[in-house]
Amino acid sequence: MKKIVLFASGSGSNVENIVRYFQENKKSVIASVVLTNKRDAKVLDRCNSLNISGLYFNKNAFYKTDVIRNLLQDINPDLIILAGFLWKMPQTIIQDFPSKIINIHPALLPKYGGKGMYGNNVHNAVKENNEPETGITIHYVNENYDEGAIIFQAKTQLVDTDSIAQIAAKVHELEYAHFPRIIEKMLFKE
Ligand code: GAR
């Protein structure tokens, strides 16, 4: 049985897509817990529907105590997945889980990454620069936002008339199609 832990800050549609993928494919992968830094995040409702554990933590618990670190050590997951999680991982957790923490970014890194570049902020910047394409990047997490080694990228074409919502939808489509498969590959590579 492989164990994954997911972190999310908002809607959690990627979390739901990943959990359903493994439930439906009858793979021996269990989502031990979903952790969120937003008390009212929709991802917690999704956890209820999916019958998996969802836990909220605040800034103090994350950065000033070892509560989350200890929880992760107890679970000892095969992979820690950031799916729309907007806080920086503490150095201690990064050190505990070398090459086991991955993030999905809604653009083609190294473009449009860094602090403050998340969700629609990214899509806005892509549109303002009239980019002919955008995409997704799945990468390892290190101490700097969006700078860890790239694992996978996929592209989608844009047209001038694409709204921010349309760009976001194209990116989400790529995320839903690829993220679970890449996770599966990483979990069962050996
Ligand atoms: C996703 O598009 C993800 O790539 C992005 O947040 C969205 C979360 O959607 N992540 C970042 O911007 C991280 N910098 P979801 O909550 O519906 O899965």
Phi angles of region 26-43, converted by Karplus (6.51 cos²θ - 1.76 cosθ + 1.60, θ = phi - 60°) into ³J(HN,Hα) in whole Hz with x for Gly and Pro, give 6, 6, 7, 10, 10, 7, 5, 6, 10, 10, 9, 9, 10, 4, 9, 5, 4, 4
Which percent, to the nearest 5, of DSSP beta bridges fully inside the chain are antiparallel? 40 percent
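Net charge near Gln166, counting Lys/Arg +1 and Asp/Glu -1 over other residues with Cβ under 13 Å of its Cβ?
Value of the local net charge: -1.
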Sum -39500 (n - 2.57) across every DSSP H segment of at least 4 residues in the chain, then divide by the residue count to get the 222 nm mean residue ellipticity, nearest 500. -12000 deg cm²/dmol
3J(HN,Hα) from dihedral phi, region 75-89, Karplus parametrisation 6.51/-1.76/1.60, rounded to Hz, x for glycine, proline: 6, 6, x, 6, 8, 10, 10, 8, 10, x, 9, 9, 9, 6, 6
For region 146-161 and region 113-130, what is the separation of their Cα centres, given in Å? 12 Å
Nearby lysines by direct alpha-carbon distance to Lys2 (threshold 22 angstrom, same-chain neighbours under 8 apart not counted): Lys26, Lys27, Lys100, Lys185, Lys189
Determine the distance separating the Cα centre of region 167-185 from the Cα centre of region 1-66; give it in Å without decimals. 17 Å
Give the residues of region 72-116 whose amide nitrogen is closer than 19 Å to a point set 7 Å from the Cα of Lys38 in the direction of its Cβ. 81-89, 103-107, 114-116
Mind checking which of Pro180, Pro98, Pro90 has the largest fluctuation in a GNM of the chain, springs on alpha carbons under 10 Å? Pro98
5 Å is the cut-off here: which amide hydrogens, built 1.01 Å from N in the peptide plane, fall below it relative to Val29, excluding neighbours closer than 5 in sequence? Lys2
With an 8 Å Cα cut-off and a minimum separation of 6 or more residues, compute the relative contact order for the chain in percent. 19 percent
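None of the figures in this text is laboratory data; all of them are computed from the coordinates on show. Quantities reported herein were computed from a predicted structural model and do not represent experimental measurements. Please note: Cβ atoms are built from the backbone with ideal geometry, for glycine as well, and neighbour counts cover all protein chains shown.
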